[in-house]
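Worksheet: the structure to be examined is printed underneath.
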Amino acid sequence: MSEPHPDPIVEARHRELAVEHLLFGTIRHLAERDPALLDALDGSLDHLWDKADDGSRDDAAVRAVARRFVRSLRRER
């Protein structure tokens, strides 16, 4: 296994890609068994928000990313 990258931004990107891959695979697996899961996730997105406490906060952008994620899962079905 490789060592963590010394640049924290690069390391954060590596973590994000790994988590996204694992989460996507897990949700895809569960949605195959319970198709209503994607509807439930889609319905929960209005409660999703950006945790930033400065001018970079953008709740709509966070929801848009999540909606693209769910749409991508629906296309795979």
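Every read-out reported here was derived from the displayed coordinates using simple, explicitly stated rules and does not represent laboratory data. This is a predicted model, so every value here is computed, not measured. No Cβ is skipped: glycine too gets one built from the backbone with ideal geometry, and neighbour counts run over all protein chains shown.
Per-residue ellipticity at 222 nm, computed for the chain from helices alone with -39500 (n - 2.57) per DSSP H run of at least four residues, works out to -23000 deg cm²/dmol. Each Lys and Arg adds +1 at its Cβ and each Asp and Glu adds -1 at its Cβ; summed about the Cα centre, the chain shows a dipole of about 460 debye. In plain terms, the chain from residue 15 to residue 69 could stretch by 17.7 nm, reckoned as 0.36 nm per residue minus the Cα-Cα distance. Given the choices (1) 72, 37, 17; (2) 41, 37, 15; (3) 44, 23, 23, Cα extents along the principal axes in Å derived from the coordinates of this structure is entry (2). Relative to the dominant Cα principal axis of the chain, helix 8-33 is inclined by about 10°. The angle between the Cα long axis of helix 59-76 and the main principal axis of the chain comes to about 60°, on a 0 to 90 degree scale. Think of the chain as having a plus end and a minus end, set by charges on the Cβ of Lys, Arg, Asp and Glu; of 5, 29, 66, 29 sits farthest toward the positive end of this dipole.
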